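Just so it is clear, none of the values below were taken in a lab; they were calculated from the coordinates. Because the structure is predicted, anything quoted here is derived from the model rather than measured. Don't worry about glycine lacking a Cβ; one is built from the backbone with ideal geometry, like all the others, and counts go over all protein chains shown.
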Amino acid sequence: MANREISLVLGTAGHIDHGKTTLVKAITGVDCDRLSEEKKRGITIELGFAPLTMEDGRVVSIVDVPGHERFIRQMVAGASGIDAVMLVIAADEGVMPQTREHLEILKLLGVKDGIVAVTKSDIVDDEFLELVIEDVSDFLHGTFLEGKAIVPVSSYTGKNIPLLRGELAKLVDRIRPRPRKGPYFLPIDRVFPVAGFGAVVTGTAYRGEISSGQEGTVLPAGKECRIRSVQVHGTGVQTAWAGQRVAVNVAGISSEDLSRGDVLCARGVYARTRCFECELHLVESAGEPVQHWQRVRLHIGTSDVVARISLLESPVLQPGETAAAQVVVEEDIVCLVEQRFVLRRYSPLETIAGGRVLFPYAVKPRGKSARQVCIKRIMALSSLSSQEERLLALIRSFARLELPDAARFLQETPAETLRFGERLQKNGDAVFLQGEKKLFLSRERFSKETLAVEEFLRSYHSSHQSRKGAPPDQIALQVLKDLDPRASKAFLEVLAENGTVVMDEGTVRMTDFTPRDDKAFEKKSQALLDFCRKRDFQPPLLSEAMDATGLDEKAFSLLIKGMREAGLVSIVSDEFLFSSEIEEKLLKILLQEKDDITIAKVRDITGSSRKFILPLLEYLDARGYTRRAGDRRVLLASKLPPSITAPQP
């Protein structure tokens with residue numbers, strides 16, 4: 001049966017000198033201790049890798065990690081890319097400190113499945129072995145390894161090695177291979193030169209497919225390169241994919257410019273960062289709480305850097321608690337959305353916390369409201385799985401998100417991000433505008449801008465009743481100031497498609513607005529002014545004026561509105577229609593009386609009655625033309641329009 005590589009990486013874990021490397025050799029035939037110092041000292045210092053071939057021809061990768069506490073950095077670098085673990089515990093020693101720490105690290109890294117190998121079973125008697133297995137079972141209670149297979153083995157006698165290989169095959173059956181979608185992302189754990197070929201890097205592919213001939217970037221340095229060739233377990237392949245141990249020969253960059261902690265990734269997709277947002281979990285065994293801005297060591301991928309914890313909800317995080325936080329790094333790193341990480345105390349070095357990256361490109365919030373936005377974004381992103389849902393959460397968080405930023409935040413190509421965005425727009429969840437800067441708007445932001453456009457248009461229609469609508473450029477300058485001209489036009493086109501506005505002949509208007517016919521308006525208003533002129537100082541009631549025009553209530557209201565805005569008429573006491581012509585005529589009469597204005601005198605001069613004169617004089621009081629002084633009124637000549645006080649020819 002032909003061998004076939006599958007996208008799975010198994011890792012070892014356990015205390016120093018519990019036989020991890022010897023066991024890997026027993027089940028794979030490969031000695032992972034390749035360094036002379038490792039062979040001399042009999043301990044694993046660096047990561048080791050070996051292919052494990054199943055009986056059915058499937059091949060998975062095994063990562064052998066150091067067990068010594070001084071090499072936890074290397075252990076985390078190896079364990080970061082694994083899908084399941086083989087926890088190794090020696091029968092003669094049982095559960096030891098690094099057994100506990102390794103298991104804690106594996107939980108923080110999101111490992112959810114595995115088996116346990118109890119090594120050196122040949123050097124203890126059966127009764128003691130049973131006690132050790134019982135003790136191991138108790139230790140695993142409440143962890144992801146509870147109930148998983150515990151296999152006593154001997155790497156020297158071969159006892160139960162076939163049984164262990166069988167349990168490993170069952171383990172592989174249970175695990176779902178990693179998806180191959182997305183731009184490739186390969187954290188580098190080893191670098192070495194090969195004579196005649198140049199630099200070679202190795203690592204576990206976290207995401208996507210990597211093929212010969214592809215362009216790439218090494219981050220955080222930002223050095224560009226080309227993929228010359230790809231190998232999986234020493235065999236040349238055209239393409240390797242997520243979940244495989246990969247060796248890559250890169251052209252255009254020297255091995256001296258590469259190191260563990262760098263990431264080989266697709267060009268133009270990923271970016272370096274110094275701050276990411278996460279849900280941070282402080283382990284129960286931490287012993288004491290962590291403080292806001294506490295210094296720690298961050299292990300993410302194959303990187304090991306100094307960082308600080310920025311707690312967003314409370315200045316203190318207690319053991320066993322989980323909270324929204326930012327991790328602020330003292331040097332550039334590269335991280336993947338959903339990537340797991342581990343935090344260790346700066347001193348003494350011990351594992352205390354971990355979590356997963358939810359937003360790789362954060363900035364420190366300034367002020368309470370900005371902090372609340374971060375917390376809300378973290379909570380929204382923590383429960384999502386699909387990239388489409390993630391994009392929607394980011395659009396809602398930022399309200400306005402340009403396409404290049406959206407692609408960077410998602411760690412996708414712009415074309416793929418646009419595809420997600422188009423589905424969101426189709427479902428009505430967000431709006432995409434194709435301006436000079438293609439951007440997404442949240443529904444909330446779109447609704448807010450829509451209300452502003454509607455308010456502007458209603459005001460514009462009120463002031464320019466005879467115009468068909470407002471110029472789009474004016475709306476862009478006065479309302480949609482945050483959008484470039486093309487995006488403003490696209491915004492208005494969306495409103496038109498939704499039936500909110502009408503775009504016609506280079507103008508924009510509300511759908512319920514009908515431009516006024518100026519000729520018809522002039523004819524109707526003149527007829528109404530003639531009617532007011534006949535009534536003279538006995539102004540008609542509004543109902544009488546409407547009857548005189550023969551218009552219905554809606555048409556009459558529009559006519560009166562237009563006449564008032566044109567300064568042709570006023571409404572007195574909410575019931576009388578008072579034309580500006582008769583108002584001017586009354587003011588000229590009062591100008592003759594000046595300081596001796598009474599209701600009776602004005603009534604007699606105008607030939608009207610108290611019923612009309614009293615509300616007319618009160619109207620003039622309200623306009624500031626007259627002022628009451630007991631039973632009389634004083635005309636304030638300085639307040640009158642120039643047309644009243646000017647000398648008559």
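Across all Cα atoms of the range 273-377, the radius of gyration (one decimal) and Dmax (whole number) stand at 12.5, 36 Å. Against the main long axis of the alpha-carbon atoms of the chain, helix 161-174 sits at an angle near 10°. For Arg267, nonlocal amide neighbours, meaning residues 5 or more places apart or on other chains whose placed amide H falls under 5 Å from its own, are Thr217. Taking the convex hull of the alpha carbon positions in the chain and averaging its projected area over all directions gives 44.9 nm². This model, with +1 at the C-beta of Lys and Arg and -1 at the C-beta of Asp and Glu, gives the range 265-325 a dipole about its Cα centre of some 520 debye. Remark: Val63, Val30 ranked as Val30, Val63, counting other beta-carbon atoms within 10 Å and listing the fewest first. The 3J(HN,Hα) values that the Karplus relation (6.51, -1.76, 1.60; θ = phi - 60°) gives for the range 268-282 are, in residue order, x, 10, 9, 8, 6, 8, 10, 7, 9, 9, 7, 9, 9, 10, 9 Hz. Gly and Pro appear as x.
Whole-Hz Karplus values for the range 201-213 come out as 10, 10, x, 8, 5, 7, 8, x, 10, 10, 10, 4, x Hz, taken residue by residue from phi with 6.51 cos²θ - 1.76 cosθ + 1.60 and θ = phi - 60°; glycine and proline positions read x.
Determine the sum of side-chain charges near Ala242: Lys and Arg each +1, Asp and Glu each -1, restricted to other residues whose C-beta is under 11 angstrom from that of Ala242.
+2
Taken about its Cα centre, the chain carries a charge dipole of roughly 2200 debye when the Cβ of each Lys and Arg holds +1 and the Cβ of each Asp and Glu holds -1.
Can you tally the net charge around Val118? Count Lys and Arg as +1, Asp and Glu as -1, for every other residue whose Cβ sits under 13 Å from the Cβ of Val118.
-4
Paramagnetic label reach from Gln231 (point 7 Å along Cα→Cβ; backbone nitrogen cut-off under 17 Å): within the range 181-200, residues 189-200. Ranked for footprinting exposure by Cβ neighbours inside 10 Å, fewest first, Cys532, Cys335 give Cys532, Cys335. Principal-axis analysis of the Cα atoms of the chain puts helix 368-382 at an angle of about 50° to the longest axis. In this structure the amide hydrogen of Val569, modeled in the peptide plane, comes within under 5 Å of the amide hydrogens of Arg564, Ser580, none closer than 5 places in sequence on its chain. Going from the fewest other Cβ atoms within 10 Å to the most, the residues Phe578, Phe513 appear in the order Phe513, Phe578. Under 5 Å between amide hydrogens, built in the peptide plane, is the criterion, and for Leu8 it picks out Ser61 among residues at least 5 positions away or on other chains.
Net charge near Arg356, counting Lys/Arg +1 and Asp/Glu -1 over other residues with Cβ under 9 Å of its Cβ? Local charge sum for Arg356: -1. Sequence-distant contacts, meaning Cα pairs under 8 Å at least 6 residues apart, place the relative contact order of the chain at 7 percent.
Dividing the summed -39500 (n - 2.57) terms of all DSSP H runs of n ≥ 4 by the residue count of the chain sets its mean residue ellipticity at 222 nm at -11000 deg cm²/dmol.
Comparing Ser347, Ile375, Gly301 along the charge dipole axis of the range 273-377, the residue lying farthest to the positive side is Ile375, per the Cβ-charge model.
For the range 398-515, state what percent of all Cα-Cα pairs lands in each successive 5 Å bin, counting from 0 Å until the bin that includes the largest distance. Going out from 0 Å in 5 Å bins, the range 398-515 shows 2, 11, 21, 23, 16, 11, 8, 4, 2, 1, 0 percent. Measure nothing but the geometry: give the 0 to 90° angle between the long axis through the Cα atoms of 553-565 and the longest principal axis through the Cα atoms of the chain, rounded to 10°. Around 80 degrees separate the two axes.
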